[in-house]
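Working notes for the structure below.
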Amino acid sequence: MTLSDLMIEHSAPTLAAIKGGSLISLRKLTGKGNFSRRELERKGISFFPLSNRKGDKLLLVYRKGKLEEELKDSTAERILSSLGYPEGPIEERLIHLRSRFLSQDFPHEVGLFLSYPPKDVEAFIENRGTGYIFSGLWKVYSDKEKAVRMQASYEICRRDYAASYSSGMPLERLCVMA
């Protein structure tokens, strides 16, 4: 799959400005894709490369302002602070996230950078992934109805973007200005 294909598959809600961040595994990457990174950046999309201890390459696709706002949640702030994340700019937090990926198998606070509800991220960490009330894109511990609606909106967005992209609409046109 090209990077364009992977972005449609895994980052459509971020391109649509519905959520602050999306994570793409580059394991299936076969080519760059045909999009202008500069045009996506002009529309508010940023990219941050990550990799884990196994050497798998990951790419965080995010909207800086939206993600910064999401991370201001008091539960998110408490989680990040307890794990040594700096309070400064998002770039410093991403550098810390990168170091966490390199020092452990999978830092579960990454869910905060993927716009998962902070209370669910906190409960996942505390319960070690058990005791959830619903599982979809993430394990849900509170407000199942809201989580189901959010996940459904992400899936509708992904399907709509995939259909438009496969019909010839360029990635740059699918990315909204935010």
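The values are calculated or read from the model by the stated rules, or taken from the named source; none is laboratory data. Source: prediction; values computed, not measured. All Cβ positions, glycine included, derive from the backbone under ideal geometry; neighbour counts span all protein chains shown. Ligands, DNA and RNA are excluded from the accessible area calculation, which covers all protein heavy atoms including side chains. Shrake-Rupley method; radii C 1.70, N 1.55, O 1.52, S 1.80 Å.
At-a-glance table
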read-out	value
L29-R173 pseudo-label distance in nm [points 7 Å out on the Cα-to-Cβ vector]	2.6
Probe 1.4 Å, accessible area per residue of the chain, Å²	53
Among I125, I24, I133: highest mean-square fluctuation, GNM of the chain, C-alpha pairs under 10 Å	I133
Table column - 3J(HN,Hα) (Hz), region 161-166, Karplus curve with 6.51, -1.76, 1.60, x for Gly and Pro	5, 4, 5, 5, 5, 5
Top of G65, G129, G168 by mean-square fluctuation, Gaussian network on the chain, Cα under 10 Å	G168
Cβ charges +1 (Lys, Arg) and -1 (Asp, Glu), total dipole of region 25-78, debye	360
Rg to Rh, two decimals, where the chain supplies the alpha carbon set and Rh follows Kirkwood	0.95
Between region 84-159 and region 40-74, the alpha-carbon center distance in angstrom	13
Cβ-derived FRET efficiency at R0 22 Å, F106 paired with F47, nearest 0.05	0.65
Carbon + sulfur, % of accessible area of the chain - ligands and nucleic acids excluded, 1.4 Å	52
Estimated 222 nm signal from helices in the chain, with DSSP H stretches of n ≥ 4 weighted -39500 (n - 2.57), rounded to 500	-15000 deg cm²/dmol
Rough spin-label spacing in nm, given labels placed 7 Å along Cα→Cβ, for S166 and E92	4.5
